[in-house]
Amino acid sequence: MKPPKFDYHAPTTVDEALALLGRYGGDAKLLAGGQSLMPLLNFRLSRPAALVDLNRIPSLAWVREADGQVRFGAMTRQRTIEFSPVVKARVPLLAEATRWVAHLPIRTRGTIGGSIAHADPSAEYPAVLTALEGEVVARGPRGERVIGAKDLFKTYLTTSLEPDEILVEVHLPATPAGAGSALEEFARRQGDFAIVAIACVVARQGERCTLARLATAGTGPVPLRLRAAEEILERDGLGAEALDAAARRAAELVSPDADIHASADYRRHLTGVLTRRALTRALGVARG
Amino acid sequence: MTAPSGGAGQRWIGRSVRRVEDARLLTGRGTYIDDHPPVGNLFHAAIVRSPHAHARILGYDLEAARALPGVVGVITGADVARHSKPFSVGVTAPVHYYCAATDKARFVGEPVAVVVARSRYVAEDAAELVQVRYEPLPAVVDPERALEPDAPVLHETVGTNLANNRRLVYGDPDRAFRDAEVVLKERFRFPKYGSTPIETYGVIARWDALDGVCTVWSNFMGPFIMHPLTARVLGLPENRLRFIVPPDIGGSFGIKSLIYPYIALVALASKLTGVAVKWIEDRREHLLASSTGTDRVAYRELAARKDGTVLGMRFKWLDNVGGYIRSPEPGCSFRPTGNFVGPYRFQHLEVDASTVMTNKCLTGPNRGYACGHLYFETEGMMDRLAATLGLDPVEVRRRNLIPAGAFPYRTPTGGLYDSGDYPAALDKAVQLARYDELRREQARARAAGRYFGVGVALAVDPSVSNMGYVATALDPQFRAKPEYLPKSGAVDSATVKVDPLGRVLAILATTPQGQGHQTIVAQIVADELGSVPEDVTVVDEMDTFTRVWSISSGTYSSRFGSVGTSAVALAARKLKAKLVAYAAHLMDLPPDSLEFRDGAVRPKRGKGPSYSVKDLAGRAHWNTESLPAGMEPGLQATAVFGFDVARAVDAEDRVNSSNTYGFIAEIMAVEVDPETAAIRILRYVTVHDAGTIINPMIAEGQIYGGALHGLGGALYEELQYDEDGQCLTATFMDYLVPTACEAPTIEIAHVVSPSPLTPLGSKGLGESSSMTVPAVVANAVSDALAPLGIRITELPITPSKLHAMIQKARKT
C-alpha cells in the first residue's frame, strides 16, 4: 500500500493552484483533507501525475454570514464547523450532520469542500447541501461560476466540476427563524458512512407546513431530494397521517443498491423510517 | 468489580499494580518489528498475490520487473518449489502447502512471487510489473458445496476437498438418543473472522552465506513448534535457524502464529537474493491473506429427558480451512476436545468433524480457538431445550452443571477440569444481572410490543493447550503404528537472577503481545523474594539461540497466566532455596532451621542473625570462597515448568486438550428496534473463574478485549466472498471491527477456584469472553424475537438480515 510516484506541489494561492492544474492538463489531483484521496492513492486506485496540496492556501479556510447565507471557504475543517457558533445558530442541520462525520481525527483533517467535491453519496455533507439547496463556487481559468446542489452531483464520486476548476466556496442558505431541522442516520457503527441518512428541514404555521426539505444519503448514486414527499406535507400539513404518508412516499422515491452491508429493500425501508423520525424531531424544535 | 485478593504471603499478587509497559507504549517508545533495524543495508520485499481464487499458474514474465532500477531480485513459486519443501500438515491427506503458490493459486491473495528492492515503494512498483500467466479455474467457497461430487477440486493429489474427517464416539450416544424423551436438531453457521491486530505481520530475514545461519526477526510469538517445521522447509538444521522476536508485539490473538509461511518466504528471498530482506504486511494483505478462524456449518442434535437433563449430543461439523489445510489445523475441530461437553454432565457424545478446503483465505487459531463456535452451538441448543420444555434458560443449565464437589472432573472426552464451582459462578451472574428483574422488565416490554430479550451463555474456558490434542485428527489405527511418535506437552521456562547489588532480573522465553508480562512477573518475583515490583527488571524478548525453550513454548492459548507464571514462581523458589542454603552455611546452622521471609533468610523460630538478599548477593558474587563446598557459583535459577496432565491422545480419542480450565457465566439483555432491527445491548454481565487473579486490572482488560472480540463475531465481522471467491471485505470500510463506541458497559465479577496444578493457583484468561459473547448475543436476540418465532442460528446478525427475518416472520 504505497502510492505510485507523483509530483507534489504546495501552492499558497488559488491562482497558483489553478496554474498547476492547467499545467498537468487534468492529470493532477487536489489534496484537501486527504481522508479519501490518500487511501485511493495507497491502494493505487488513483494514479495522478501530481498532487496539488491546498492546505497551504490560507485564503481558503473561513466561515462567514452574507446575504442570508452561511459561506465557507472550501478548506474549512469539519472540526471547525462542528464548533462554529455561526453554524450552530444559522445552519443547525450542518452542525448536527458534522457530528455524524467519521471520527474526531478524521474531522480534524477533513474539509467541507473536500467532502462535497469527493461526492460520496453516503456522506453527510452532500445530503445537507442538497436538502438546503446550497451552492458551491468553482474557480477556473474561465473565472468563477456558481453551481447549485442539484446540478453538482452527477453519479458516484463524480461532480460537474471541470478538471481545471477548484471548488473554492460552499454557500448554505441560513435556516429560516423558527424552522426545525434534523439529520437521522443509520450506520452499522458510529462514524461509518451512512447506510441511509435523511437530512430534513421543516417550517410550520400551526399545522400548516410552510417549508419542507428532505434529502437522502446512501440511497443511490447521488444524494436525492425527496420533492414528492415534501409536497405531501406542504399540501396536507403536519398531522400524523401526513407525516406517515410523506415517509411512505420517501421510501417509494428511492431506488437504492444492495451491498454487503444492507439490501436494497432494507435501505428503502430505512428511508421511510428515518424520514418519519427526522420529520418528528425537526418538528419538535420548529416554532410557529 | 470484585477483586480477589492473593493468598497468604502474597503482597503484590492480587493487586492492580500499574502496568510498567504503558508509559513506554503510550509514548511511542515501544520497539516493534517495523522499528527494529537489527542489521544495516536492509532491502524490502513486496509480495505479488493471486487475483484469482483458483487458477493454474502457466508461467511468469519477469523482465520488466527485474529491469526496474533498485530491484535486486524476483522470486517466484517456481523458485519456492525448487529451493524449499512443503510444510508438514496435521492430517494424512497429501496437501502440499508451500510458502507460496507453486502449481496453482487457491485463494485470492495467495503469494505467487516476491520482489526485493531497495525500498518498499520500488518493490511495489516492480510487483505491478510482474506478469503471472494464469489459467483461471472455477472456484468454490461454500464448505457444503465443496463436498458435492461435481465441485471444483483444489488439490488433485487429494482428489477431494475433504482434508480430513474423524468420527469420535464417547459413551453410547445412540442409546442416549434412543432413551431420550426430547430430541432437538438445529443447523448453525459460524462466520469467518479474524482479529486484525493493530500491528500486522513483519519479518526481517538474513541468510548468512558464510556461517550458514538464517536469522529471522519477526513478531512471531509461538508456538515454537513452528520453528522445526520451518527449518525442515528451508532445509536447515534447527541450530542454523535463529528466531528473534523484538520486545513488543502489537497484538496477535492467535493470528500471528500463522506468520510462519512468511518467515519461510522472506528467508528464501534473502537466501536467493543474498541480501537482508524486510517485509511488513500491509492491511490489505492482512485482510486478504493472513489468517482467520474457520467458518463452520454445524448440525447439532441434543437428547434429553423431560426434566431437562441432557443425555447426549451429536455434533456434525464442516470446518472451512480455505485453500490449504495447514498446521495447527484441524485444531479448529479438535482444540476443545477435552471440553467438548462444556460445563455439563452428560456422558454420551458423537462428533463427526470434517475439515474442508475451499478457495478462501487460510485459517488458524483466532482468540478462543474453536470455542466461540462450540459454545455458540451448545448454548443455542440449551436455549432450545429450555424453550421446548417451558423451563427458564438458567434453570435448564443449572440442572446439567457439573457440581462443585466433582472436581477435579474427568470429562468423557478426556479433559481434566482442574477446579471450579460452576453453580456458584452462575448464581453470581444471576445476582449481578438482577436476572429476575430483567425477566419482569421483559414481560412489561413484551406487553408493550417491544422486543426485549435476555440471553445466557456458559463456557468452560480452556487455557494452555496440550499440543497432543492435534493428533486427535489422526485415526487411532494410524496413531498405533510403531513408527508414529506420540506428542504431548505444555512447557515454558524462566530464569531469575540476582545481581551483586541484590537487584533481580527475570528473563522469560516468551514475548507478550501487549498483555503486560513485565508487570505480572515483577509482581510474582516481588512476592517470592520479598521485594517490590520496581526492583525487578523483566526481559521478555525471545531468541531461540539464547533462551531455554521447547516445542510447545510461546505466548499463545492463554498460556502465560498459567504456565509462564508457574515457571517464574518456580525459578524464584529455586533461587530462594539456594539463598537459604548459602545463608545456612554462613550462619553455620542447618538449612531447615531457616526460612526465607520478608526479603531475608531468617531463623524459623526465635531471634537470630538474618541475611538480606542484598547482603547474600554481594558476598556470593564478590567472594566465591564464601560458598559452601559443592555449591555452583552465581545466583541464578532456571525453571522449566510443564504440566504432567498433558498426555498424548489415547486409543479411545480421549485427550486432556488443555491444562487448566476456567469458567465463564454471562447474561445479556438486549432490545431490538422493531423498525430498524438495530440491536441495543442494555445489560452485559460476565463472571469469570480463572483461579488466582494476579493483576485484576489486567484481567479486566483481557475480559473487555475478549468481549469486544466476541461482539465482532456476533454483530460485525465477517470475511465475505462472492461466488467466484473474490474477497469483498479487504478494507476496514467493509470489514467492520467494533470500536470503543460499540462497546457496551461490561459488568465483571470473579469467582476464585485456584488451580491445584499451578504453583500460584492461576489459570489463563486471555481468550475469555471472546468464546461466550457470540452465544450470549445470539441467545439474547433470539429471546427478544421469540414472539415472532425467530431463532438466531447464523452470525453475524446484521440489521439488514435481521430486518428481513422480522419482515418474513410478521408475514407468516
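The values are calculated or read from the model by the stated rules, or taken from the named source; none is laboratory data. Small disclaimer: the values here were computed from a predicted structure and weren't measured. Cβ: placed from backbone, ideal geometry, glycine included. Neighbour counts: every protein chain shown.
Considering A:A278, A:A258, A:A262, the condition of being under 22 Å from the mean Cα position of the chain (by Cα), outside any loop (DSSP other than H, G, I, E, B) and either among the hydrophobic types (A, V, I, L, M, F, W, C) or within 12 Å of another protein chain (Cβ to nearest Cβ) (or both) is satisfied by A:A278 alone.
Residues that are crowded, with 17+ Cβ neighbours inside 10 Å, at pLDDT 95 or above and farther than 30 Å from B:G414 by Cα do not occur anywhere in region B:649-661.
One residue stands out in region B:166-194 among those that are of a type in the set (D, E) and in a helix (DSSP H, G or I): the one that is nearest to B:R384 (Cα to Cα), namely B:D179. Evaluate region B:723-739: report whether one residue or more is touching a strand residue (DSSP E or B) at 6+ places or on another chain (Cβ under 7 Å) and under 28 Å from B:P512 (Cα atoms). No - not one qualifying residue is present in region B:723-739. Note on region A:1-90: enclosed helices (runs of 4 or more DSSP H) holding 2 or more residues that are surrounded by fewer than 19 Cβ atoms within 10 Å (Cβ to Cβ) and at pLDDT 95 or above are A:14-24, A:37-42, A:85-90.
Scanning region A:209-218 for residues being closer than 24 Å to A:A264 by Cβ and more than 14 Å from every other protein chain (Cβ to nearest Cβ) gives a total of 4. Inspection of region B:483-491 finds a residue satisfying the criterion of being free of Cβ contacts under 8 Å to residues at least 24 places away in the same chain, in contact with a Phe, Trp or Tyr (Cβ under 7 Å, 6 or more places away or on another chain) and assigned to a loop (DSSP other than H, G, I, E, B).
Can you tell me which residue in region B:597-609 is surrounded by the fewest Cβ atoms within 10 Å (Cβ to Cβ), limited to those that are closer than 21 Å to B:R11 by Cα and modelled with pLDDT of 90 or more? Break it down into steps so the answer makes sense when it comes.
To start, the set of residues in region B:597-609 that are closer than 21 Å to B:R11 by Cα comprises B:597-602, B:604.
From what is left, the residues that are modelled with pLDDT of 90 or more are B:600-602, B:604.
Values: B:A600: 20, B:V601: 26, B:R602: 21, B:K604: 10.
Going through the qualifying residues, I end up with B:K604.
Please work out which residue is farthest from the chain's Cα centre (by Cα), limiting yourself to region B:465-497 and to residues that are among the β-branched types (V, I, T) and farther than 19 Å from B:R547 by Cβ. Looking at the filtered set, the residue picked out is B:T472.
Among the residues of region B:788-797, is there at least one that is modelled with pLDDT of 95 or more, assigned to a helix (DSSP H, G or I) and away from chain A (no Cβ under 14 Å)? Yes, the conditions are met somewhere in region B:788-797.
For every residue, the table says whether it meets (1) among the hydrophobic types (A, V, I, L, M, F, W, C); (2) in contact with an Asp or Glu (Cβ under 7 Å, 6 or more places away or on another chain); (3) over 23 Å from B:A370 (Cα atoms).
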position: B:G420; (1), (2), (3): no, yes, no
position: B:D436; (1), (2), (3): no, no, yes
position: B:A457; (1), (2), (3): yes, yes, no
position: B:R479; (1), (2), (3): no, no, yes
position: B:G489; (1), (2), (3): no, no, no
position: B:D499; (1), (2), (3): no, no, yes
position: B:Q513; (1), (2), (3): no, no, no
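I'd like to check something: does region B:100-111 contain any residue that is modelled with pLDDT of 95 or more and acidic (D, E)? For region B:100-111, residues modelled with pLDDT of 95 or more and acidic (D, E): present. If you go through region A:3-45 and keep only what is closer than 17 Å to A:D120 by Cβ and within 14 Å of chain B (Cβ to nearest Cβ), you end up with A:Q35, A:S36, A:M38, A:P39, A:L40, A:L41, A:F43, A:L45.
Can you pull out every residue in region B:673-700 that is within 14 Å of another protein chain (Cβ to nearest Cβ) and farther than 28 Å from B:P336 by Cβ?
Within region B:673-700, B:D673, B:P674, B:E675, B:T676, B:A677, B:A678, B:R680 meet the criteria.
Taking region A:183-208, which residues are away from every other protein chain (no Cβ under 13 Å) and surrounded by fewer than 24 Cβ atoms within 10 Å (Cβ to Cβ)? Spell out the reasoning first.
Here is the first cut: in region A:183-208, the ones away from every other protein chain (no Cβ under 13 Å) are A:183, A:199-208.
A:A203, A:R204, A:Q205, A:G206, A:E207, A:R208 - these are the residues of region A:183-208 that are away from every other protein chain (no Cβ under 13 Å) and surrounded by fewer than 24 Cβ atoms within 10 Å (Cβ to Cβ).
Filtered by the rule that a residue be exposed (fewer than 15 other Cβ atoms within 10 Å of the Cβ) and at the interface with another protein chain (Cβ under 7 Å from one of its Cβ atoms), region B:721-738 gives a lone residue, B:L728.
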